[in-house]
Structures are given as structure tokens and as C-alpha cells.
Amino acid sequence: RIGSATSLSSTIINNRLQELVKLFKERTEKVKEKLTDPDVTSDDESPVASPAKRAPVAAPVPPPGGELQGDKPAGDEHYCEMLCCTFKYRPWLDGLKNYRFPSSIDPLTNLMYVLWLFFVVMAWNWNCWFIPVRWAFPYQTPANIHCWLLVDYLCDLIYLLDILVFQTRLQFVQGGDIITDKKAMKENYLRSQRFKMDVVCLLPLDLFYFKVGVNPLLRFPRCLKYMAFFEFNNRLEAILSKAYIYRVIRTTAYLLYSLHVNSCLYYWASAYEGLGSTSWVYDGEGNSYIRCYYWAVKTLITIGGLPDPKTLFEIVFQLLNYFTGVFAFSVMIGQMRDVVGAATAGQTYYRSCMDSTIKYMNFYKIPKTVQNRVKTWYEYTWHSQGMLDESELLVQLPDKMRLDIAIDVNYNIVSKVALFQGCDRQMIFDMLKRLRSVVYLPNDYVCKKGEIGREMYIIQAGQVQVLGGPDGKTVLVTLKAGSVFGEISLLAAGGGNRRTANVIAHGFANLFILDKKDLNEILVHYPESQKLLRKKAKKMLKKNNKPKNEKGAPGDSLIIPPKAETPKLFQAALAAAGRMGGKGPLVQLRWRLKELKAMQMTQVSMGMMAIWLCFLRCKVTALPDQLQRLSLSFSPIPPKSPVHQRSPVTSPKAHTHLGEEIFSKSSDSLVTIRVISMAQEDEEILAAEISEKEEEKENK
């Protein structure tokens with residue numbers, strides 16, 4: 001029965017046998033291909049290191065009818081139970097509680113350290129800017145002294161934390177090794193010049209407040225922590241994309257600070273001489289800091305229009321101011337020029353290259369259309385890349401760093417190329433370093449039909465169009481960023497294959513190009529990858545060169561597809577079941593297959609007989625006149641063909657009577673044709689006989 005257990009088990013066994021036969025056939029085909037083609041290698045990609053195995057852990061079984069109480073879905077909200085209430089708290093707060101300060105800090109790449117240096121520099125700037133103001137101007141009074149002291153000691157706390165927490169944890173390089181040992185890092189800091197300056201910065205001169213009062217000059221050593229300021233500048237410029245902007249701001253701050261110190265000195269000199277005592281000193285009217293700052297600007301920049309000094313002290317002070325102003329202002333202007341020049345160095349190089357190219361084209365009278373395209377290329381390349389040739393920038397880097405940059409930029413695209421899948425990963429890395437970037441203008445030909453292909457193209461940005469058709473202008477396909485074309489030409493034999501279509505840039509297109517020469521130099525060191533690439537290139541070429549009538553055209557489809565051959569393993573199972581006997585499903589299936597085979601043989605024999613009758617009907621024109629009275633007549637009668645060795649030899653009789661037969665034999669006496677007259681005049685029997693020798697010959 002169909003639903004019985006025996007029927008189901010036999011169906012499962014048969015399906016499993018079919019799967020085994022299919023696997024055996026596939027393995028046999030692979031072995032045959034490997035024996036016939038020695039270049040065949042595995043198509044699998046290079047093995048990747050498997051992650052560390054974990055010991056199996058028994059999963060808890062949930063109670064019936066419910067879930068595990070300890071299980072919580074991903075993204076579940078966090079709650080805190082307190083007394084009888086449940087409060088929701090933020091996950092970042094829990095992370096902050098579990099945070100552990102690092103045992104060692106990398107001063108070059110750690111952003112947390114850069115942030116800490118920012119606070120240290122802010123404390124240093126407080127001391128540098130406000131100590132002179134509090135000393136010279138009467139802004140520090142007994143009423144607000146507590147506010148000044150609070151900020152002062154907050155800055156001292158930042159200095160102290162920098163010494164105890166951060167500076168003793170900074171990594172350093174010794175003998176080429178990065179030292180992260182706590183004791184070694186602490187000893188390195190204690191032996192450094194910076195530790196000595198940090199100790200001087202925190203000298204407790206504030207104790208003299210009890211004797212001389214709160215004098216801001218006693219905090220002057222706090223300004224000696226300048227090393228943290230310069231370190232902060234270096235770290236910040238390393239992480240900024242436009243560091244020249246910060247350099248301009250810093251240089252401007254230098255100039256403003258010089259004017260700030262000069263204004264403080266001018267107010268101190270005026271107070272020493274007496275406010276309003278002469279025309280040269282500050283008269284005490286208006287905002288004292290703004291008026292003194294204005295005087296400092298006119299003095300340092302040497303604008304002129306200042307009142308003449310009267311006393312010797314005023315003359316000496318003014319002379320020192322002039323000399324200091326000229327020197328400081330010239331240094332500031334020179335530094336500003338260097339900063340702006342470094343910021344616009346690339347733009348200057350671009351302009352010089354473009355001017356030289358235009359001068360060259362004008363000298364040789366290049367057409368204006370070509371000149372305009374050259375100018376467009378210069379402008380687009382500069383604005384899109386920020387440079388004309390990126391290889392000039394990367395050539396200064398070590399080989400390993402160039403490889404890291406190339407992997408981040410191009411590996412995701414190149415690894416998707418079907419031609420390179422399964423190749424050695426290191427070979428692909430070496431290939432990435434040989435890629436060069438080229439910019440194509442709109443409607444520029446990337447490659448033309450009929451030319452020899454020696455490059456592979458990878459679209460980094462933009463689009464290209466493949467043209468074809470009778471006129472060569474029909475757009476067949478549009479390739480976008482990430483697409484690859486021309487890869488087969490890298491491994492084509494005989495000097496390269498010819499391009500089969502035109503490829504033009506649709507708008508501005510930035511392409512990566514790999515030359516065939518560079519790939520051959522790389523494959524010398526990777527023979528296995530070379531064999532694999534050669535095999536894949538052959539398959540791609542066969543697929544591309546395959547005629548259309550071989551690709552399963554509608555006219556070539558079979559009306560009756562051939563029957564699949566019975567697997568040999570299944571035949572062996574049926575034969576074993578027949579020898580063992582019994583009434584199993586395999587025995588019944590074997591008996592059914594025998595019946596089908598017998599029916600097929602009967603149909604084949606009947607078909608062969610029909611074919612012989614058609615053959616005799618075609619040859620009836622070669623029989624005597626008696627045979628032409630048969631119903632097997634044709635109109636019109638075709639012309640006689642040359643006599644074959646099997647053509648029948650006619651009998652001499654001309655007329656027949658009732659029951660009389662007429663026979664004819666072929667020249668080799670293997671085929672005999674008989675015609676017997678019946679009672680009706682218009683009916684006759686046609687018989688054809690084949691000798692046993694002919695049957696044996698056909699069977700062979």
C-alpha cells in the first residue's frame with residue numbers, strides 16, 4: 001500500500017540512493033577533469049582561521065508552559081530595584097560605573113589623553129593671561145579675592161592630577177620596543193626634563209600670601225608648564241583634517257598675547273610714573289585695559305602718532321617697546337606667511353602645473369577644443385582628489401602602510417571580481433599596490449573595439465557605457481561604481497584579445513587600472529594562483545566565444561528529450577533483489593520495469609516495420625508494370641534514381657491471375673518482395689522478406 005511503512009521506507013531508500021549516485025558522478029567528473037587538465041586547482045578561497053572553539057555549555061531547560069526567568073530579549077530596558085519601587089536607569093551610567101582607568105596610555109593615538117591635555121592647556125592659559133592682568137591692573141580686590149583663588153587652586157589640582165595620574169602612565173619607546181610596564185613608565189617620567197618643570201610649576205609659593213599678601217606674581221611659576229601646550233598642539237594637528245586653520249588661530253593668539261603683555265606693562269609704567277602726570281602716561285580715564293591695549297597695538301606695530309616721552313624712564317621704556325615690537329611683529333608676520341604657504345602649497349603646485357601645460361599647448365598651437373578638455377581635466381582632478389597624482393603622496397610611505405591604505409580603498413571591489421575569487425590573498429594584496437587611478441572626462445573612450453586589451457578597469461566613481469550595435473552607438477549596458485571590465489584580457493594568450501565593443505565615460509569617471517605587465521610580475525611568485533587564473537580565463541573565453549546556435553536556441557530544442565539512464569547502483573540493487581526472490585518493493589519494481597521494457601521493444605519493432613514499408617513504397621517505381629497497379633501509387637512519379645545493389649530485379653511476367661504471385665529479389669538475394677493477387681481486381685497483397693543473414697548483420 002502507498003501509505004504503509006514499507007512503502008515510505010523504500011521511497012526514502014530510493015531517494016538516498018539517487019543522491020549518492022549524483023555525488024559519485026560529480027566526484028568522477030572532477031577527477032576526470034583534473035586528470036585531463038593539470039592546471040585545475042581548487043576553486044575554494046584560501047582557508048580562513050576559524051574562531052576559537054568554546055566548550056559546549058548545557059542550555060537550561062525552561063519550565064513547562066513558561067520561559068526562563070533569567071532570559072531577557074536583546075535591547076531590553078534596564079531597571080534598578082530599590083525598596084518596593086523599580087526605577088529605570090540608563091545603560092551608559094552602568095558602563096561608567098564599571099569603567100576602569102587604563103594601566104598605560106598611548107600618547108600618540110589615545111583621544112582621551114588629547115582631551116586631558118586640552119584641560120591642562122586651559123589651566124595654563126588661565127595663569128598666563130590673568131597673572132599679568134591681576135598684577136598690573138586693579139581688578140583683584142578684597143571683595144572678589146575668593147573667586148580668583150578658587151579658580152587658581154582648581155588649575156593647581158589639574159596640574160597635580162596630570163603629574164600623578166597621566167604622566168606616570170604614558171608609554172614610551174626604548175630600543176624599538178613599546179614599554180607598557182608601570183614601574184618602567186614611572187621611572188621614565190621621573191628621569192625626564194618634563195618632570196622637573198612640572199615640579200617647579202607647583203612650587204608652594206602661595207605660602208608667602210600670609211606674609212606679603214595675595215600677590216599674583218607668586219604664581220608666576222605656573223606659567224612654566226609650556227611643554228604641555230606644545231604637546232597638545234602636535235596631537236591636535238595630527239587628528240585635524242585641516243590643521244592649517246588651527247595654526248593660523250594659534251599664530252594670531254601669539255600676536256594678541258604679546259599685545260596683552262605690553263598693555264599690562266604700559267599700565268604698570270603709567271602707575272609707576274603717576275596716572276596723568278605727563279602726556280605720555282595713561283591719564284586714568286575710560287576703560288583702563290582697552291586704552292592701554294590700544295596704545296600697545298600702536299607701539300608694537302609702529303603705526304606712530306604717539307606722544308613723546310618726557311622722562312628718562314619713559315624714553316627707555318619706549319625704546320625697548322619699539323625694538324621688541326619690531327622683532328615680535330616681524331616674527332609673527334614670517335610665521336603667518338609660513339603657515340599660509342604650507343596651507344596653500346598644493347594649490348600653488350596645481351596652478352604652476354596648469355600654467356606650464358597651457359604655455360606648452362599655446363607654443364605648439366594645440367586646438368582650443370583640446371585645450372579646454374585639458375583644463376577641464378585639471379580642474380576636476382584637483383577638486384575631486386585634492387591632488388593631481390596620488391601616487392606621489394603614497395611613495396613616501398613605507399610599503400606596509402601603502403598596502404594598508406590600498407586594502408581600505410580597493411579590496412572590497414577587487415575581491416568581488418570573479419576572476420580573482422579563490423586566489424591567494426597575498427597575491428591580491430600585491431595587486432592592490434599596482435593599481436593606478438585615472439580620471440576620464442565625459443564621452444572619453446576608455447577602450448575601443450578592435451584594439452588589443454592589456455588592462456583591467458575598476459570603476460571607483462562615475463559610470464561608463466558599453467556601446468555596440470550596427471552603428472556602434474547603441475548603449476548595451478551601463479556600468480556603475482564597483483563594476484569591473486576587461487579582466488579577461490589580462491590572461492589571454494597570444495598577446496592579448498581584442499576588444500569587442502566601445503566603452504565610453506558617461507560623465508566624469510574615476511577608474512583604477514591594472515596593467516597586464518604588472519600582473520605577470522606578480523604571478524611569478526604565485527604559481528598556484530597563476531594556474532587557477534589560467535583555467536578561469538579559458539572558461540570565460542569559451543563562454544564568450546560560444547556560438548549562438550550552441551546556447552540552446554528555440555529551434556534546437558528537442559521535441560522528445562532523451563530518457564535519463566537508470567543509475568548503475570540502482571540496477572545492481574534491482575538485480576540483487578531478483579536473485580534473492582521474495583515479495584519486496586524492489587522485486588515488484590523490477591517486474592514492472594521488465595514489462596515496460598517489453599512494451600518498448602514491441603513499439604520499436606512496429607516502428608521498424610513501418611519504416612521498411614515506407615522504404616518499399618519509395619522504391620515501387622522500380623517494379624514491373626504489374627506492381628504499378630497497386631494502390632501505392634504516387635503522383636507525380638519522381639524520376640528514376642541510379643540502381644542500388646539492393647534495388648529489386650524485375651520478373652519477366654507481365655500479367656497475373658487470381659492467386660498468382662509475383663516475386664522479386666535484390667541483387668544480393670537478401671531482400672525478397674512478393675505481390676499476390678486477390679479476388680478483387682483492385683486489391684493485391686504486398687509482402688517483404690529479409691533473410692536471417694541480413695538480420696544478423698543489422699544486429700551487429
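The values are calculated or read from the model by the stated rules, or taken from the named source; none is laboratory data. It should be emphasised that the depicted structure is a prediction, and the values quoted were computed from it without experimental measurement. When we count neighbours, we look across all protein chains shown, and the Cβ atoms used for this are built from the backbone with ideal geometry, even at glycine. Accessible surface is based on the protein model in full, side chains and every heavy atom, while ligands, DNA and RNA are left aside. Shrake-Rupley method; radii C 1.70, N 1.55, O 1.52, S 1.80 Å.
Full extension of the chain segment joining Lys531 with Glu451 gains 26.2 nm, where the gain is 0.36 nm per residue of separation less the Cα-Cα distance. Within the assembled protein chains, the solvent-accessible surface assigned to His525 is about 140 Å², based on a 1.4 Å probe.
Expressed as a whole percentage, what fraction of the accessible surface of the stretch 98-239 belongs to carbon and sulfur atoms when a 1.4 Å probe is rolled over the protein heavy atoms? Walk me through the numbers on the way to the answer.
Values: 5680 of 8160 Å².
Roughly 70 percent of what the probe reaches on the stretch 98-239 is carbon or sulfur.
Dipole magnitude for the stretch 98-239: computed about the Cα centre from +1 point charges on Lys and Arg Cβ and -1 point charges on Asp and Glu Cβ, it is near 260 debye.
When the solvent-accessible area of the stretch 242-388 is split by element, carbon and sulfur atoms take up 65 percent of it, the probe being 1.4 Å. For Arg16 and Gln421, what is the calculated FRET efficiency with R₀ set at 35 Å and r taken between the beta-carbons, to the nearest 0.05? Efficiency at R0 = 35 Å is approximately 0.60. Solvent-accessible surface (1.4 Å probe) assigned to Glu231 amounts to roughly 20 Å².
Sequentially through the stretch 113-125, phi angles give Karplus couplings (6.51, -1.76, 1.60; θ = phi - 60°) of 5, 5, 5, 5, 4, 4, 5, 5, 5, 5, 5, 5, 5 Hz, Gly and Pro residues having no value and appearing as x. The Ser352 and Thr478 beta-carbon pair, evaluated with R₀ = 45 Å, returns a calculated FRET efficiency of approximately 0.75. Ranking Pro470, Phe508, Ile413 by Cα position along the charge dipole of the stretch 410-545, where only Lys, Arg, Asp and Glu carry charges on their C-beta atoms, puts Pro470 farthest toward the positive end.
With the cut-off at 1.5 for a/c, could you classify the stretch 242-388 from its C-alpha gyration tensor as rounded, prolate or oblate?
Prolate.
Figure the gain on full extension for Asn412 and Lys517 (residue separation times 0.36 nm, minus the Cα-Cα span) and round it to one decimal in nm. Write down the numbers at each step before the final one.
Numbers: separation 105, 0.36 × 105 = 37.80 nm, distance 2.30 nm.
Length gained, Asn412 through Lys517: 35.5 nm.
When nucleic acids and ligands are ignored and a 1.4 Å probe is applied, Cys155 ends up with an accessible area of around 10 Å². Given a 1.4 angstrom probe, what's the average accessible area per residue across the stretch 242-388, in square angstrom? For the stretch 242-388, the solvent-accessible area averages 60 Å² per residue. On full extension, the segment bounded by Leu23 and Thr180 gains 50.8 nm, given 0.36 nm per residue less the C-alpha separation.
Heavy-atom accessible area with a 1.4 Å probe sorts Ser352, Ser192, largest first, into Ser352, Ser192. Remark: accessible surface ordering of Ile178, Ile105, Ile145 (largest first) is Ile178, Ile145, Ile105, probe radius 1.4 Å. Computed from label points 7 Å out along Cα-Cβ, the spacing between Asp471 and Val199 is 8.9 nm. With the simple spin-label model, which puts each label point 7 Å out from Cα in the Cβ direction, the Asp399 to Val326 separation comes to 5.7 nm. Accessible surface calculations at 1.4 Å, restricted to protein heavy atoms, place the stretch 410-545 at 49 Å² per residue. Spin-label pair Arg592-Lys543: with each label point 7 Å from Cα along the Cα-Cβ axis, the two points sit 4.1 nm from one another. Taken one residue at a time, the phi angles of the stretch 144-149 give Karplus couplings (6.51, -1.76, 1.60, θ = phi - 60°) of 10, 5, 5, 5, 5, 5 Hz. Gly and Pro are set to x. Heavy-atom surface analysis with a 1.4 Å probe gives the stretch 410-545 a carbon and sulfur content of 50 percent of its accessible area. For the residue pairs Lys32/Lys542; Lys416/Lys538; Lys22/Lys531; Lys449/Lys535; Lys375/Lys433, the alpha carbons lie more than 23 Å apart in Lys22/Lys531; Lys449/Lys535; Lys375/Lys433.
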